[in-house]
1. In sequence order, what are the phi-derived ³J(HN,Hα) couplings for the stretch 240-247 according to the Karplus relation 6.51 cos²θ - 1.76 cosθ + 1.60 with θ = phi - 60°, rounded to whole Hz, with x for glycine and proline?
2. Sort 283-290, 151-158 by the packing proxy (mean of other Cβ within 10 Å over each peptide's residues), most packed first.
3. Could you tally the net charge around R146, taking each other residue with its Cβ under 11 Å from the Cβ of R146, Lys/Arg +1 and Asp/Glu -1?
4. How charged is the neighbourhood of I317? Take every other residue with its Cβ under 10 Å from the Cβ of I317, and add Lys/Arg as +1 and Asp/Glu as -1.
5. Hey, can you rank 183-195, 330-342 by average C-beta count inside 10 Å, highest first?
6. What ranking do 322-329, 263-270, 216-223 get when scored by the average of other Cβ atoms within 10 Å per residue, highest first?
7. Go ahead and run the numbers for FRET between I113 and E319, Cβ-Cβ distance against an R0 of 25 Å, rounding to 0.05.
8. Add +1 for every Lys or Arg and -1 for every Asp or Glu among the other residues with Cβ under 13 Å from the Cβ of I249, and state the total.
Amino acid sequence: TSGRHGMGAKQAYAYPELPANAESVIQQVFRDNAIYSEEFSVLLSESALTLGVPIKSSLGDIIGVVLYHSPIEGINASISQGVILLVISLTGALVVSFVLSVWLSKRFTSPIILKEAEDAIRLDKIRRDFVANVTHELKTPITVIRGSAEALKDGIIKDTDKIEEYYNQIICESKYLQSMVGDLLDLSKLQNADFPIEKETIDISDVLEDAVRSVRGLADAKRIEFETKLLRKGIYYVGDYGRLRQMLIILLDNAVKFSEPGKTIEIYCDERFIKIRDHGTGIPEADIPYIFDRFHKSRDETNREGTGLGLAIAKQIAERHNISLGVTSRVGEGTEITVCFC
């Protein structure tokens, strides 16, 4: 017997005569093989695909064969419908994915674009402020130098002592300009991420002692003593010896500059910290957040020759070494700078 499935209907066929090669198909099914064949297309008067499966008893013996016929035309129609459905699904998926990608890209890129725009505005403001600050700082010494030089050239100043004073003023302002240019170059280099910092294993206690020796002359002129307490020698850190020495000199120089004559500067050093404490004029609390900004200068008479770039340079050196700088201060009592290597 056989079953025929076509267009959703079933029909039984009796075969008065099997087509050629049909016998071999049936024999293969009796050998427990599922067989696909087109041998029955002639018998069915249409192109058909026949599936032969064995019928087994409860004991597992093959007792018969079932042949299922399905017109190829129906299969082709189903395939065509499947292809059409697949194309429609893919098109819909592409449209949905395109819409989602556009939405997601806008959602994720908009904050980035906004941040870049804000950064560009901030950097432009920093550049404009920097140019304005430099122009302001250069204006005074240049005006003094030019005015003094013109007065000397025109012979307006006749008194010998006054002439000497004008020459000294020109030299003093020239040194200030030289110092500012040097500080600006240092700051520009340190702010450039591509500028190399030559790091090696160094002894922090050696760097500190070297920095103290460098500012001792300025301290002696004000009768200021350094009271240094090193936890021990051999406090090692990976960094640039010259730049760290420069940072400590700037901090010590500030401590000496703002200390009263005859006072003591206390220095403590261990594996994690260097603390520099002076007993000078102190810093107003409102100014502390800005002392590491470029061109930030106290209005104290003791700082009239400062460029306002020293602490900014120290800050950049610290950042390039993953070092933090902390400041505590009280007006009239003094200031403590903490260099933290942690």
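1. Residue by residue, the stretch 240-247 yields 8, 4, x, 6, 5, 4, 4, 4 Hz.
2. On the way: 283-290: 12.2, 151-158: 10.8.
Peptide ranking by packing, descending: 283-290, 151-158.
3. On the way: positive: K139, K153; negative: E150, E173.
That sum, taken over residues with Cβ under 11 Å, equals 0.
4. Details: positive: R243, R245, K315, R320; negative: D186, D240, E319.
Residues near I317 contribute +1 overall.
5. Final packing ranking: 330-342, 183-195.
6. Values: 322-329: 15.4, 263-270: 17.9, 216-223: 12.9.
My ranking of the peptides, most packed first, is 263-270, 322-329, 216-223.
7. Values: r = 28 Å, r/R0 = 1.11.
Efficiency at R0 = 25 Å is approximately 0.35.
8. On the way: positive: R213, R216, R243, R245, K257; negative: D183, D186, E209, D210, D253.
Computed value for this residue: 0.
Bear in mind these aren't lab numbers, they're just calculated from the coordinates by the rules spelled out. Quick caveat, the model's predicted, so the values are computed rather than measured. Counting neighbours? That spans all protein chains shown, and the Cβs are built from the backbone with ideal geometry, glycine included.
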